[in-house]
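All of the numbers you see were taken from the coordinates with simple rules; none came from a lab. Since we're looking at a predicted model, the values are computed, not measured. Positions of Cβ are backbone-derived with ideal geometry, glycine not excepted, and every protein chain shown enters the neighbour counts.
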Amino acid sequence: MTATATAPRPLAPWVLVAPVQLMVGLIIFIPALYVLWLSFQSSSFGQQAVFVGLANYAQVLGDAYFWHALRNTIVVVLVVVHAELLAGLGLALFVAAGVPWRPVVLAIILAPYAVSEVSAVVMWRFLFDPDVGLATRVLQALHLPILEWSVVPADGLALVCLLSVWLNLPFTFVILYAGRLAIPTQLYEAAEIDGARPWQQFRRVTLPLLTPAMLIAMLFRYIFAFRLFSEVWLLTQGGPARSTEVLAVYLYLEAFRYNAFGVAAATGWLLVLVSLVLALWYLRRLYRDMARHA
């Protein structure tokens with residue numbers, strides 16, 4: 001009589017996901033909880049942390065520079081995200097229509113994503129140099145006003161917006177382009193048979209079916225744009241006179257120039273809360289739209 005071989009029992013699901021969850025906890029949640037704890041403390045270099053309750057949050061919310069940085073952040077985010085959405089949508093429809101040399105066109109569109117932020121800022125500073133920049137000379141030749149980005153706050157924020165759009169447009173384009181390619185061609189053939197013009201096809205077929213991809217792209221870009229730092233810091237460092245600061249630059253200055261770690265931590269958590277509220281709002285719209293088209 002032979003013994004029946006028993007199959008090995010599969011591992012429990014929690015055992016399989018435990019290493020990933022542990023890594024996420026060590027990398028994300030534990031530092032986040034430490035920053036939350038620090039936001040209730042008064043802390044600096046060589047100083048023992050002292051519990052101060054909500055005093056750091058009150059100091060941040062009572063600081064005029066914080067509200068100015070918040071206003072700059074909202075302006076930059078609205079301009080950058082919506083400009084990227086329009087440009088990415090136009091490019092996605094243009095490439096999906098069957099342009100010649102499509103691989104070359106795709107490489108040109110995606111090229112900015114391969115450029116480091118430091119290199120991009122150096123290049124754009126040279127292009128828009130008020131004295132010798134190529135872009136400045138082109139604007140002068142067209143009798144258009146040049147960007148005095150080093151002395152005029154509005155021009156500085158405008159150049160930050162242009163640079164951010166150029167750097168991150170490939171991200172939005174890829175999402176919208178993939179969404180456009182996922183739309184069945186039979187729908188356009190049926191619309192053309194019914195006599196729909198190109199604008200009607202875009203309005204009745206393309207736009208409704210691309211809405212989920214557009215919302216996803218806007219969601220991620222809103223969250224990333226709220227954390228905008230490198231472009232502003234490398235270009236203007238928040239100047240002149242802290243007039244081009246955004247929230248991430250305000251946080252950096254509080255932490256590493258004024259050594260107010262508790263205030264910086266409170267600023268970080270306020271930034272997280274704003275991003276979460278925005279993300280929840282967009283996710284609700286996304287689910288509502290997907291349920292409508294299901």
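The listed peptides 90-96, 241-247, ordered by packing as a protection proxy, come out as 241-247, 90-96 (highest mean of other Cβ atoms within 10 Å first). Just one of (1) 48; (2) 43; (3) 60 is percent of Cα pairs over 26 Å apart calculated from these coordinates, so which is it? Checking each listed value against the structure points to (3).
Just how large is the dipole of the chain about the Cα centre, in debye to the nearest 20, putting +1 at every Lys and Arg Cβ and -1 at every Asp and Glu Cβ?
740 debye
Working from the Cα coordinates of the stretch 181-294, the gyration tensor eigenvalues give, after taking √(5λ), semi-axes of 44, 17, 8 Å in decreasing order. Amide H neighbours of ALA49 under 5 Å, at least 5 residues apart or on other chains, H built in the peptide plane: list them. HN-HN under 5 Å from ALA49: empty list. When HIS82, HIS68 are arranged by Cβ crowding within 10 Å, least crowded first, meaning fewest neighbours, the order is HIS82, HIS68.
Rounded to the nearest 500, the helix-only mean residue ellipticity at 222 nm of the chain stands at -22000 deg cm²/dmol, with each DSSP H run of n ≥ 4 adding -39,500 (n - 2.57). Two tests apply to each whole DSSP H helix in the chain, Cα reach of 20 Å or more along its axis and mean Kyte-Doolittle hydropathy of at least -0.5, and the ones passing both are 64-96, 153-181, 207-226, 261-293.
For the pair MET123 and HIS143, the difference between a 0.36 nm per residue extended length and the Cα-Cα distance amounts to 4.9 nm.
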